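Below is one structure, written out as structure tokens; comments come after it.
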Amino acid sequence: MHCERYPKHELNRVKLLKELREVVVHVSAEIITSDASLSPFGADELSKILELVNHLQENVQETDFPHSTCVIARFMHYFCKSKYYNFCGLPCARLDADKSVYDEIASFHPLISSLSLALDAVLFWAPQAHLHDLRRVWVDRCINSPRWKDYNAKLMAEWTGITIYSTVMLAVDLSFLAVPNVNISTSESVGIITIYLSIISITGSLVVSVLLVRQNQRYGCESADKAGDFLYNMTDTLFGDKGLATINSLPYAMLMWGMIYFSIALLYNAFKSTTTALLASVISVCVVVTMFILWFIWAARELRIFKRLIELILSTRRRILAHIGVPL
């Protein structure tokens, strides 16, 4: 940083430029061959840096070009800073971007664990997926800049798609109220109540999606330092990073609840009829569709309730035994 701000400083620019070139080539090869690179730059940025390094070689022997010294020092500053954060050269160095260099300290909070499990079930286990992606970006309270950009691009695509689906579902719910055999005056009807619940859920999904998109536009393109401060403020709560993952999963979960409420209203309106042919057709189709959905859930392993329950019970048991001092 000193050489960057005071480029008149005497440096062996030939050796330093060769070292920078070797670092860029090594990191580029690491990004190509690994998904857990610790590079502070992405593949496209490294290609541009390598082009600049090739241009700098033209005046590397000259000493009257302080701008070249400033450029070399700036890039080396980023790479050295990355080495510092990842404990380069130490026995506990971080070798993969996903790995933590600290031992996980298990804190016994049965209430928080129970609430977390209940929220995961209510939100269709969406927080678990967001938590996995968040922990790939936010490791040991250090942010990985390339992963942060990919993470925000993925969130923006998800929330934008959910906004479109929510708009369509809101139009479907309002159109359902205009069906002639749906008696709106009967406010205590199950179909009317569930349609209102569906509209409320869909509207909530739209509002939260817009707010999250606005927040992501404000902080998603920030530098790594500012993004780290943002994540620190968002995760510095009782629930930690699980709280942020839960917030990010709210648009998807409320959209799913809106669809479920609409399905209940549609089926209730169909089952009110006493026509045998209609009831048989609706029941058979519902059974087939339910089987396909359960088949997909089982094949994709999207819902592993029993496995998660067993893991929670075993982890709670270990924490209790460790808390009372009983050897495992």
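Read the figures in this text as sums done on the coordinates, not as results from a lab. Model, not experiment: these values are computed from the prediction. Cβ atoms come from the backbone with ideal geometry, glycine included; neighbour counts cover every protein chain shown.
Given H placed 1.01 Å from N in the peptide plane, which residues other than close sequence neighbours of residue 139 have an amide H under 5 Å from its amide H?
Result for residue 139 returns 144.
Rounded to the nearest 0.05, what FRET efficiency do residue 58 and residue 207 have when you use their Cβ-Cβ distance and R0 = 51 Å?
Between residue 58 and residue 207 the formula returns 0.35.
What is the calculated FRET efficiency for residue 237 to residue 296, with r their C-beta to C-beta distance and R₀ = 35 Å, to the nearest 0.05?
E(calc), rounded to 0.05, equals 0.55.
Between residue 276 and residue 171, what is the label-point separation in nm under the 7 Å Cα-to-beta-carbon projection?
Result: 4.0 nm between the two label points.
Divide, for region 123-171, the radius of gyration over alpha carbons by 2.2 N^0.38 Å, where N is the residue count.
1.40
Say R0 is 35 Å: what FRET efficiency, to the nearest 0.05, do residue 45 and residue 288 get from their beta-carbon distance?
0.10
Per 0.36 nm of contour for each residue apart, how much would the distance between residue 178 and residue 214 grow if the chain were fully extended, relative to their Cα-Cα spacing?
Contour length minus Cα-Cα distance gives 9.6 nm.
Setting aside same-chain residues fewer than 8 positions from residue 18, which lysines have a Cα under 28 Å from its Cα?
8, 48, 81, 83
What nm distance separates the two modelled labels at residue 65 and residue 96, each placed 7 Å from Cα along Cα→Cβ?
4.2 nm
In whole Hz and in residue order, list the ³J(HN,Hα) couplings for region 33-40 that follow from phi through the Karplus curve 6.51 cos²θ - 1.76 cosθ + 1.60, θ = phi - 60°; x for Gly and Pro.
Whole-Hz 3J(HN,Hα) from phi for region 33-40: 9, 9, 9, 10, 6, 9, 5, x.
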